[in-house]
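The values are calculated or read from the model by the stated rules, or taken from the named source; none is laboratory data. Predicted, not measured: the structure shown is a model, and the values here were computed from it. Positions of Cβ are backbone-derived with ideal geometry, glycine not excepted, and every protein chain shown enters the neighbour counts. Keep in mind that these areas ignore ligands, DNA and RNA; they rest on the heavy atoms of the full protein, side chains included. Shrake-Rupley method; radii C 1.70, N 1.55, O 1.52, S 1.80 Å.
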Amino acid sequence: MDFLMSGLAACGACLFTNPLEVVKTRMQLQGELQAPGTYQRHYRNVFHAFITICKVDGLAALQKGLAPALLYQFLMNGIRLGTYGLADAGGYLHTAEGKLSPARSAAAGAMAGVMGAYLGSPIYMVKTHLQAQAASEIAVGHQYKHQIFPPQSWKVALAAAMVSGIVVVLAMTPFDVVSTRLYNQPTDTQGKGLMYRGMLDALLQTARTEGIFGMYKGIGASYFRLGPHTVLSLFFWDQLRILYYTYTK
């Protein structure tokens, strides 16, 4: 659970910070191996870069490379924070007297960081290539022509569903947990619940007794169910509409 929660938390942050990553990448590639004053500055500062990218490449360009960025954050931070959390839970960060050891903490943090960075490096490279892609008039650095999915591919819908699913499960899982427990609680002869008085009471009891993680039980299953379910629903809906209009004309 430490790995999953750490990865999902980093992905949630990435949804908001990826536009800044796009701007950072392009500004770092601008004027690569060229003396100052010998090249055209497409991006004068952070704010000018935001405006320029939106005007030329469109607003969606600020989220270029989002799919590999999310995967990178999930792997790197999931492994980094999850591994450190396991070391802490296993007592490896403390001395025989039970005191926190700065040396062991630093070693565990360094090892976890190295593992996360090593495994995430190939994904970071793909992310950088995609974020650097721009229209010719504002292009900087080498322009790779990667295309993750073919146009109109079902994989595009799946990827979009999996990305949006991160926000959905983070927002909805506590309510899903509560609804499951409300439906499953025992009742008296009049059908009144014996454990919870209502949704708010169930939320408060769960948070007080099981902590914040108790409200996110089953989040992994919810996340991996959401993407395929969304894609399959849209797919079958589209196919049924095609059949309907084909045979009713």
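Tabulated results
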{"read-out": "Tally of residues being open to solvent by less than 40 Å² (accessible area, probe 1.4 Å) and hydrophobic (A, V, I, L, M, F, W, C) across the stretch 6-28", "value": "7"}
{"read-out": "Matching residues in the stretch 99-127 - criterion: being more than 24 Å from ALA89 (Cα to Cα) and in contact with a Ser or Thr (Cβ under 7 Å, 6 or more places away or on another chain)", "value": "none"}
{"read-out": "Residue check for ALA161: crowded, with 17+ Cβ neighbours inside 10 Å, out of contact with any Leu (no Cβ under 9 Å at 6 or more places or on another chain) and either at pLDDT below 90 or not in a helix (DSSP H, G or I) (or both)", "value": "no"}
{"read-out": "All positions within the stretch 178-198 that are within 24 Å of MET5 (Cα to Cα) and either open to solvent by 40 Å² or more (accessible area, probe 1.4 Å) or not hydrophobic (A, V, I, L, M, F, W, C) (or both)", "value": "SER179, THR180, ARG181"}
{"read-out": "Subset of the stretch 214-249 (residues that are assigned to a helix (DSSP H, G or I), under 30 Å from PHE74 (Cα atoms), open to solvent by 80 Å² or more (accessible area, probe 1.4 Å) and not hydrophobic (A, V, I, L, M, F, W, C))", "value": "ARG225, HIS229"}
